[in-house]
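J.: I have a structure I would like to understand better, so I am pasting it below and will then ask my questions one at a time.
The values are calculated or read from the model by the stated rules, or taken from the named source; none is laboratory data. Quick caveat: nothing in here was measured; it's all calculated off a predicted structure. Positions of Cβ are generated from backbone atoms using ideal geometry, with glycine treated the same way; all protein chains shown enter the neighbour counts. We work out accessible area using only protein heavy atoms, side chains counted, and drop any ligands, DNA or RNA first. Shrake-Rupley method; radii C 1.70, N 1.55, O 1.52, S 1.80 Å.
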Amino acid sequence: MQKTILFARNYGILVVTVLLLVLLTVTTEGFLTERNLRNILDQQSGVLIAASFMTMAIITGNFDISVGAVYVTAPLVALFVENATGNIPLAVLAGLAAGVAMGVINGLAVTKLKVHSFIATLSTSFMFFGVGYLVSDRAVMRPITEGWRALARTRIFELTSATWIAIGVTIVAAILLTRTRFGRNVYASGANREAARLAGVNVDRVQMITFVLLASAAALAGVLGASRAISAQPSDDFSFIFAVLTAVIVGGTSIAGGSGAIWRTVTAVFFLAFLTNGFNLHQIDPIWQRLIQGFVILVAVSIDAWSQRRGG
Amino acid sequence: MVQTHDILLTLSGVGKSFGGTVALTDIDLTVETGKVHAFVGENGAGKSTLGKLIVGVHSLSEGRMEVDGTEVSFTSPAQALDHGLAGISQELSLMPQRTVLDNIALGREVMRGPFINARATRRGVEAVMERYAMHVDPDARVGDLPIVEQQKVEILRALSRDARLIVFDEPTARLPSDQVAPLLALVRSLADAGKAVIYVSHFLEEILEATDTVTILRNGRHIRTGPTANETHDSLVEGVTGSVLGEQYPEVAAPDRAAPPVISVTGLSRPGVFENVSFDIHPGEIVGLAGLVGSGRSEIARAILGADPSRGKITFNGREISGSIAARLAGGMAMIPENRREQGLMMGRPIVENVTLPHLSRFSGALGLDRRRERAAADAHCAATEMKYASLNDHADALSGGNQQKILFARTTLGDPALLIADEPTRGVDVGAKRSIYDLIAGLAKQGKAILLISSEIEEILGLSHRVLVVSRGRIAGELEGAALTETALMTAAFSGT
């Protein structure tokens, strides 16, 4: 029994994802095709990039709501530079720099002003959305170069460049978290902040770095999204952050901090993507999709809560 | 008042297992009203589990439990409370943000229609305080009260629900030594008021002093139950450990006073907390830092590590230091903090990560962490502390208190420090594990480490230290050594400034 619970806690998300995969393969014709799977990968690239580093931030015990705003605003900054100079590398760098700057602001608000990360990043969200409106002058921005669309859409070995970038970023994040001293300090900061501090971990610096990495990742995701859409527009759209948070939480990363893993988040991203894909292939009414999706998330999270309670 | 002792609770053939682990087996005993009944045993002996079975935190795996001769079975503490069985746990279950009144009245508020009748509720709570002569300011915020007062609040909460049997689970484990006597008096007064009291503890002195009946548990088995008056310290130790106790403290070799001090603290101050603290510790020397809780002992230790700001001069290994905690640890300091749960360990992380946390740089290379080398080192140092664990991947909270403390010792020895600050190193640790922790400390001193030992247990300070500094109200009120180092001298100094 104890073993079962432990297994469910560690690999539950993997098991249900595989079950879903099998189910969809059996019940639909279009699911297990190269084209469909390639599309899923490409569509999820942005969420994967941000969710990997969101996992890290949540393991330190912090939330970052502003990821949605960074995702909207960073590509506007990038396109602003692209429009002004026509230089794509410079534009991408500007977008990433905007991400870094926004991450630093979040980090300072949490470590220096000592505001709870949820509140701090909710506040900075509005600031960052505002910056987006300022930079774009409240209009849809389009690239002036032909090369802009190639950022996310270049095909390399059948997969899009966005997919390759997402794979690369996810692997880097996973290595950082599991194979380095920094990763251990991330877990320690979330597992017991005071104990980590007394053990010589610079907890503020660890938190700051996670915020900066996360905002940079969100900026990268935003730039790739704007490349795929060949445009970007200012908005107050929080939907990206919810997609990212849902994946991390369904993946079983504890919102209390101190535990979680990137492979679980990645699995959860695919679980959620398969779910949506399956709905579409089965032509389920979008209204019902919402209801079922919400229910499935609740079930996933309560299984996690149950196994934590029983096993703990 | 003539006391009548009625049998309130009967356990027959009671057992409890968690998963495949048997925690208790075949327990038969009775608990009477008007008596204080001790459950004693080492950590992991099952004494806390037995207490928790009685108050419904766990449910029985086998056997039967009777209250007033009627069989009961509980699946929640609320059901036990309905039968008058209440528990006061190690971790208090109060709402620290709310007032004493709110905490005691929770769920028992006097209602007027859908609204709370505040005045009648308050009267009810005050009546309970009056009846048991236990007074706590009803409007104080519970979080602002000292632990002993918080325990009172929890007891009052049980009493206001007409509890007839109260289980205290290690109530003094988190108490400063000067608060123990008042708590024991409180426990006695409950028995005198006709309540049955179960007192779960591994502090043998307290049991001998404050209880009427004692039940000894070892490895989940019932060893014996009898009047406390028939037991002695040695007989209890023998019952608890199953072996005759040798010397309680290890031999500590004389330090090398001719060698330059490992650490020299000069004029260390933190306004409002401690002032003008100066002392040296030589290689191989164990210096005790004694004093009442709140005297500034732990704060001095934290300042030396750099965890709190301070003024003054600290010379360590011949060099003046002022840097971050990380720099001081790297320079050869180590600390075992006062509270291992809150300040020492990551309870939900594997043992290996807990051991190596401050020392990761030595396992890091261009390719990141060398996890194989890390594990090997952690394994070696855990083994050297005689820690009992199944796997280095087990979480810290899977271990008993003594073994958790050994994680911190393994962390210390892995760092091979020049100075160890050990703050309450045996708090919440059972008799057998205590001795092995003393051996670890003495062993480090023998290797030439300087040790600053902080403890609320005077015996421990006297038994291990070469020299003792007594802190009172943030000042060094006395330095005792050799023949002058006695309990009386120590206590006199400790109370001198108050």
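J.: In chain B, if the dipole is taken from +1 on Lys/Arg beta carbons and -1 on Asp/Glu beta carbons about the Cα centre, which of B:I461, B:S269, B:I437 is farthest to the positive end?
T.: It is B:S269.
J.: Also: Just the number, please: carbon plus sulfur as a percent of the accessible area of region B:177-279, 1.4 Å probe, no ligands or DNA/RNA counted.
T.: 49 percent
J.: Just how far, in whole angstrom, is region B:17-79 from region B:308-322 if you go by their alpha carbon centroids?
T.: What the calculation gives is 52 Å, centre to centre.
J.: While we're here: Out of every Cα-Cα pair in region A:194-260, what percent are more than 13 Å apart?
T.: Above the 13 Å cut-off, region A:194-260 has 77 percent of its Cα pairs.
J.: At a cut-off of 50 Å², which residues of region A:153-189 become less accessible once all protein chains are present than in their chain alone, using a 1.4 Å probe?
T.: Residues meeting the cut-off: A:R179, A:R181, A:R184.
J.: Where q = 0.21, 0.25, 0.29 Å⁻¹, what log10 of I(q)/I(0) comes from the Debye formula for region B:235-294, counting one point per Cα?
T.: Reported log10 I(q)/I(0), two decimals: -0.91, -1.07, -1.17.
J.: What longest region of chain A stays clear of GluC sites (Glu not before Pro) that DSSP places outside H, G, I, E and B and that have at most 15 other Cβ atoms within 10 Å?
T.: A:159-312
J.: Find the eigenvalues of the gyration tensor of the Cα atoms of region B:61-207, then list the square roots of 5 times those eigenvalues as equivalent ellipsoid semi-axes, largest first, in whole angstrom.
T.: Three semi-axes, in Å: 24, 22, 14.
J.: Now, a different point. Any chance you could check region B:354-401 for residues losing 40 Å² or more of accessible area when the partner protein chains are in, compared with the chain on its own (1.4 Å probe)?
T.: B:L357, B:L360, B:L369, B:R371
J.: Using only the alpha carbons of the protein assembly as shown, determine the length spanned along each of the three principal axes and report them from longest to shortest in whole angstroms.
T.: Ordered largest first, the protein assembly as shown gives principal extents of 95, 72, 52 Å.
J.: Right, another one. Ignoring ligands, DNA and RNA, what percent of the accessible area of region A:110-212 is carbon or sulfur (1.4 Å)?
T.: 64 percent
J.: While we're looking at this one, here's another question. With a cap of 16 neighbouring Cβ atoms within 10 Å, and only residues DSSP puts in a loop, list the trypsin sites (Lys or Arg not before Pro) found in region B:345-424.
T.: Qualifying residues, ordered by number: B:K388.
J.: Further, regarding this structure: Could you give the semi-axes, largest first, of the ellipsoid that matches region B:385-498, computed as the square roots of 5 times the alpha carbon gyration tensor eigenvalues and rounded to whole Å?
T.: Output for region B:385-498: semi-axes of 30, 15, 12 Å.
J.: So, one more: Based on the alpha-carbon set only, what is the convex hull volume of chain B divided per residue, in Å³?
T.: 180 Å³
J.: Using the Cα atoms as the points, what is the convex hull volume per residue of region A:110-164 in Å³?
T.: Given the Cα convex hull of region A:110-164, per-residue volume reads 145 Å³.
J.: Trypsin sites (Lys or Arg not before Pro) within region A:93-188: which are DSSP loop residues with at most 14 other Cβ atoms inside 10 Å?
T.: In loop regions of region A:93-188 (DSSP not H, G, I, E or B), the sparsely surrounded trypsin sites (Lys or Arg not before Pro) are A:K112, A:K114, A:R138.
J.: Is the shape of region A:213-292 rounded, prolate or oblate, going by the alpha carbon gyration tensor and its root eigenvalues a ≥ b ≥ c, with a/c under 1.5 for rounded and a/b larger than b/c for prolate?
T.: oblate
J.: Be a star and scan region B:161-175 for residues whose amide nitrogen sits under 19 Å from the point 7 Å along the Cα-to-Cβ vector of B:N339.
T.: B:169-175
J.: Using Cα springs under 10 Å in a Gaussian network model of chain A, which residue among A:L21, A:L275, A:L198 shows the largest mean-square fluctuation?
T.: Most flexible of the set in this elastic network: A:L198.
J.: Treat every Asp and Glu Cβ in region B:1-134 as -1 and every Lys and Arg Cβ as +1, leave all other atoms uncharged, and give the resulting dipole magnitude about the Cα centre to the nearest 20 debye.
T.: 640 debye
J.: Related question: Give the Rg (one decimal place) followed by the Dmax (whole number) of region B:215-338, computed from C-alpha coordinates and expressed in Å.
T.: That works out to 21.2, 59 Å for Rg and Dmax.
J.: Right, another one. Over every pair of different alpha-carbon atoms in chain A, take the mean of 1/r and invert it; report that Kirkwood radius in Å. Provide the component values of the computation, followed by the final result.
T.: Numbers: mean 1/r = 0.0498 Å⁻¹.
The answer is 20.1 Å.
J.: So which residues of region A:196-211 lose at least 20 Å² of accessible area, probe 1.4 Å, when you go from the chain by itself to every protein chain present?
T.: A:R197, A:L198, A:A199, A:G200
J.: Note the buried accessible area between A and B here, summed over both chains, with a 1.4 Å probe, in Å² to the nearest 100.
T.: Buried: approximately 1900 Å² between B and A.
J.: Rolling a 1.4 angstrom probe over the protein heavy atoms, how many square angstrom per residue are accessible across the protein assembly as shown?
T.: Numbers: 35320 Å² over 810 residues.
With all protein chains present, the protein assembly as shown gives 44 Å² per residue.
J.: Still on this model: Using a 1.4 Å probe on the protein heavy atoms only, what accessible surface does A:Y187 show? Give it in Å² to the nearest 10.
T.: Accessible surface of A:Y187 is approximately 20 Å².
J.: Once the principal axes of the Cα atoms of region A:132-264 are found, what is the range along each, listed largest first in whole angstroms?
T.: Dimensions of region A:132-264 along the principal axes of its Cα atoms: 53, 39, 26 Å.
J.: Whats the longest run of chain B with zero GluC sites (Glu not before Pro) that are DSSP loop and have at most 11 other Cβ atoms within 10 Å?
T.: For GluC sites (Glu not before Pro) (loop position, at most 11 other Cβ atoms within 10 Å), the longest site-free span of chain B is B:252-498.
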